[in-house]
Amino acid sequence: MPRPSRKSLLAGLIAVTWIIAMVVAFWWFEARYMRSFSDQTALFSGAELRLPIELAGPGPIRLVHFWDPACPCNVGNQQHLGELIEHYAPQGVAFYAVQKAGTSGQLPRSLSGLQPLDNLQGAEQLPASPAVAIWDRNGELAYFGPYSEGLTCTSSNSFIEPILEALADGRRVNASNTLAVGCFCAWQDAPDR
């Protein structure tokens, strides 16, 4: 049996080194950038949610977006949220955002129509994000829950457009307690053990 040539050994060594480097790079990327999310069922109960006094009561339809900058699920609904702002803001819907306490991050420029909201009573009880709450023109909570079911949110599987359309037409909506399965991240920090 002939001995492998130096070129063959060098090529094999380079290939093995490259494979090891790719595995290490993938592991590093996964550890640094991937965040786990729960695709478990989440129960959204809006019983404790209250708009700040300056926004409560009669007024425009108000949509509040709850988000956590560290949650990869937010990326999946940002384009859809931008489309909602583009379509419904000219119709008088007011858009707000509540960022998870203790986090830092910024929404993309395409979501600059969201006004930050820091003092939403009951937001600390949110089970998961991204989530949305919608108040009607009378200041009553009409919807609280996810944007959709499933891993991504688009206008084709969203719960939001039909609710905004119904409210814009003056119809009453009462869906402030919802149960859904989707791409969510925990809103509350896990207790120390």
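The values are calculated or read from the model by the stated rules, or taken from the named source; none is laboratory data. Just so it is clear, the model here is predicted, and its values are computed rather than measured. Backbone-built Cβ (ideal geometry, glycine too); neighbour counts: all protein chains shown.
Go through the stretch 97-150 residue by residue and tally those that are surrounded by fewer than 21 Cβ atoms within 10 Å (Cβ to Cβ), among the small types (Gly, Ala, Ser) and at pLDDT 85 or above.
Residues in the stretch 97-150 being surrounded by fewer than 21 Cβ atoms within 10 Å (Cβ to Cβ), among the small types (Gly, Ala, Ser) and at pLDDT 85 or above: 10 in total.
Scan ILE14, ILE61, ILE85 and give me the residue that is exposed (fewer than 13 other Cβ atoms within 10 Å of the Cβ) and at pLDDT 90 or above.
Going through ILE14, ILE61, ILE85 in turn, the sole match is ILE14.
Could you check the stretch 92-117 and list, in sequence order, the residues that are within 19 Å of ALA128 (Cα to Cα), touching a residue at least 40 places away in the same chain (Cβ under 8 Å) and hydrophobic (A, V, I, L, M, F, W, C)?
Passing the criteria: LEU107, LEU117.
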